[in-house]
Amino acid sequence: MNYKTPGVYVEEITKFPPSVAQVETAIPAFVGYTEKGPKNEPTRITSMLEYEALFGKAKNEGEAITVSILDDVVTANFDDTKLGRFQMYYAMQMYFANGGGPCYIVSVGSSSGYPANLRLNDFQNGLDTLEKEDEPTLIVFPDAEALGINAYTLYNSALNQAEEMKDRFVIMDVVRNVTEFRTGVTATGLKYGAAYYPKLETVLSYSFEDKDVLITSYKETNTSGVAVAVASPAADLNALKTKSSALYNQAKNVIASKGVVVSPSSSIAGVYAKVDSTSGVFKAPANVGLNYVVEPVEKLSPDDLDNLNIDPSSGKSINAIRTFAGKGTMVWGARTLDGNSNEWRYVSVRRFFNMVEESVKKSTERFVFEANTANTWVKVQAMIENFLNEQWKDGALAGSKPEEAYYVSVGLNKTMSAQDILEGRMIIEVGMAAVRPAEFIILRFSHKLQEA
């Protein structure tokens, strides 16, 4: 200060370096069709009630369901070609049931209801809106299965966005089959995504309206023991309700007993959020049970599991979902699509680096245009080291002491040349020994000879 008037002046001297604030790690953005709501406007929600208020409920599946009645026994028939193409509502139920919290919804459909057809351009436009959003760290496409082969184009675009922005991760479903998935996903940013297989049968029920569920046959057994068609008491469930409440209630229960089959990505997003909050982003999101799941739609053999986890040719690992006796359905894989990479093989390692990189990036923005001198370098180095030391204490970094777990280097003739300083560059190098999951536990047993 330039003192001019006599008196006493107080000066506060800063002794503590600034700190790095850890960014959120599990804020997914769900991109897909909704019943209503703003189109292509990423909207933050925190609960299922908020979702229903803003985006509505599930698509009416009544046209895919028919009912037949024989001797007061109701059978429901489901047309799988029409059923469950729009899964956003069910996906959100699975997300929150498996530990999910705040998230973003990007509705790519009309606000007047579900469209007749799913279009790749709708998804692409919705994905593009996420480039302007800073908070989302995960990208999920609940409806990708219905896109068929076009889903791979969408996945490639999402991986490219994640690689470019370096602050998000893509959770994918295996569309159609494993071989086609590995052939179709061709983006370079494989380390920024993970895939899960197979689909899941859940305890959720399909949404339908009584008037759309038709009764296709109604038969009774005559005195000769032959089932013959009789005049139908109603054309649909709506009319059946007034004609026979017993048959109506039976029909409703039969229809509700068929569990919704969903792609696993939304449940996995919930698992990521739960593991991050309870253990930390450095913990592999695997060996975790799934809620609201009856069973995977496919049982995987040991050979299937080997093929999914390790693919020597493409390296595109796919994480399995399995059922264990007494444990239920569990996530049984922790690899990114870059499964042949020693650096970025594991989901937890990639996401931990995402978190540290984004946290440090945001915290060092305060030093832009500061003097590029030793005083500033000391502050920056201390700030980052303090943050990494906390990560080491939490168990995110390996090593018995801090210097084995991480290092931060910045300075002239260390990370910068005189020319770098002349051109306004401050270069900071950070190294971290991130912990890795124990993917293979080998127990070695042998006979021990009796000793006298």
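The values are calculated or read from the model by the stated rules, or taken from the named source; none is laboratory data. Note that this is a predicted model, so its numbers are computed, not measured. No Cβ is skipped: glycine too gets one built from the backbone with ideal geometry, and neighbour counts run over all protein chains shown.
Which of the residues belonging to the range 74-119 are farther than 21 Å from Glu52 by Cα and buried (at least 24 other Cβ atoms within 10 Å of the Cβ)?
Answer for the range 74-119, where residues must be farther than 21 Å from Glu52 by Cα and buried (at least 24 other Cβ atoms within 10 Å of the Cβ): there is none.
Among the residues that make up the range 109-116, is at least one of them touching a residue at least 24 places away in the same chain (Cβ under 8 Å) and closer than 28 Å to Val347 by Cβ? Spell out how you get there, then give the answer.
We begin by selecting, within the range 109-116, every residue touching a residue at least 24 places away in the same chain (Cβ under 8 Å); these are 109-115.
Still in the running and closer than 28 Å to Val347 by Cβ: none.
For the range 109-116, residues touching a residue at least 24 places away in the same chain (Cβ under 8 Å) and closer than 28 Å to Val347 by Cβ: absent.
Sort out which residues of the range 241-264 are more than 16 Å from Leu83 (Cα to Cα), of a type in the set (Gly, Ala, Ser) and either surrounded by 15 or more Cβ atoms within 10 Å (Cβ to Cβ) or touching a helix residue (DSSP H, G or I) at 6+ places or on another chain (Cβ under 9 Å) (or both), and write them in order of number.
Answer for the range 241-264, where residues must be more than 16 Å from Leu83 (Cα to Cα), of a type in the set (Gly, Ala, Ser) and either surrounded by 15 or more Cβ atoms within 10 Å (Cβ to Cβ) or touching a helix residue (DSSP H, G or I) at 6+ places or on another chain (Cβ under 9 Å) (or both): Ser244, Ala251.
Please find, among Ile105, Ile139, the residue that is under 21 Å from Lys59 (Cα atoms) and of a type in the set (Val, Ile, Thr).
Working: Ile139 fails: under 21 Å from Lys59 (Cα atoms).
After ruling out the rest, the residue left standing is Ile105.
As an exercise: evaluate Ser277 against (1) farther than 30 Å from Glu390 by Cα; (2) surrounded by fewer than 16 Cβ atoms within 10 Å (Cβ to Cβ); (3) touching a residue at least 60 places away in the same chain (Cβ under 8 Å) and give the number of the one condition it does not meet.
Condition (1) is where Ser277 drops out.
When the residues of the range 158-186 are narrowed to those that are farther than 17 Å from Asp338 by Cβ and touching a helix residue (DSSP H, G or I) at 6+ places or on another chain (Cβ under 6 Å), which ends up surrounded by the fewest Cβ atoms within 10 Å (Cβ to Cβ)?
Within the range 158-186, the match that is surrounded by the fewest Cβ atoms within 10 Å (Cβ to Cβ) is Asp167.
Any idea which of Val203, Val175 is at pLDDT 95 or above and not small (Gly, Ala, Ser)?
Val203
When you scan the range 300-326, how many residues do you find that are among the β-branched types (Val, Ile, Thr) and either touching a helix residue (DSSP H, G or I) at 6+ places or on another chain (Cβ under 9 Å) or not assigned by TED's automatic domain parsing to the domain that holds Lys191 (or both)? Working first, answer last.
Narrowing the range 300-326 to residues among the β-branched types (Val, Ile, Thr): 310, 318, 321, 323.
When the remaining residues are screened for being either touching a helix residue (DSSP H, G or I) at 6+ places or on another chain (Cβ under 9 Å) or not assigned by TED's automatic domain parsing to the domain that holds Lys191 (or both), the result is 318, 321.
So the answer is 2.
Does Ala58 satisfy the condition of being farther than 30 Å from Ala382 by Cβ, surrounded by 15 or more Cβ atoms within 10 Å (Cβ to Cβ) and touching a strand residue (DSSP E or B) at 6+ places or on another chain (Cβ under 6 Å)?
Working: farther than 30 Å from Ala382 by Cβ: yes; surrounded by 15 or more Cβ atoms within 10 Å (Cβ to Cβ): yes; touching a strand residue (DSSP E or B) at 6+ places or on another chain (Cβ under 6 Å): no.
So Ala58 fails the test.
Are any of the residues in the range 139-154 out of contact with any helix residue (DSSP H, G or I) (no Cβ under 7 Å at 6 or more places or on another chain) and among the hydroxyl-bearing types (Ser, Thr, Tyr)?
no
Taking the conditions exactly as written (in contact (Cβ under 8 Å) with a residue 40 or more places away in the chain and either touching a Ser or Thr at 6+ places or on another chain (Cβ under 6 Å) or of a type outside the set (Gly, Ala, Ser) (or both)), does Arg444 satisfy them or not?
Values: in contact (Cβ under 8 Å) with a residue 40 or more places away in the chain: no; either touching a Ser or Thr at 6+ places or on another chain (Cβ under 6 Å) or of a type outside the set (Gly, Ala, Ser) (or both): yes.
Here the answer is no, as Arg444 does not meet what is asked.
Select from the range 341-375 the residues that are touching an Asp or Glu at 6+ places or on another chain (Cβ under 8 Å) and surrounded by fewer than 18 Cβ atoms within 10 Å (Cβ to Cβ) and list them in ascending order.
Glu357
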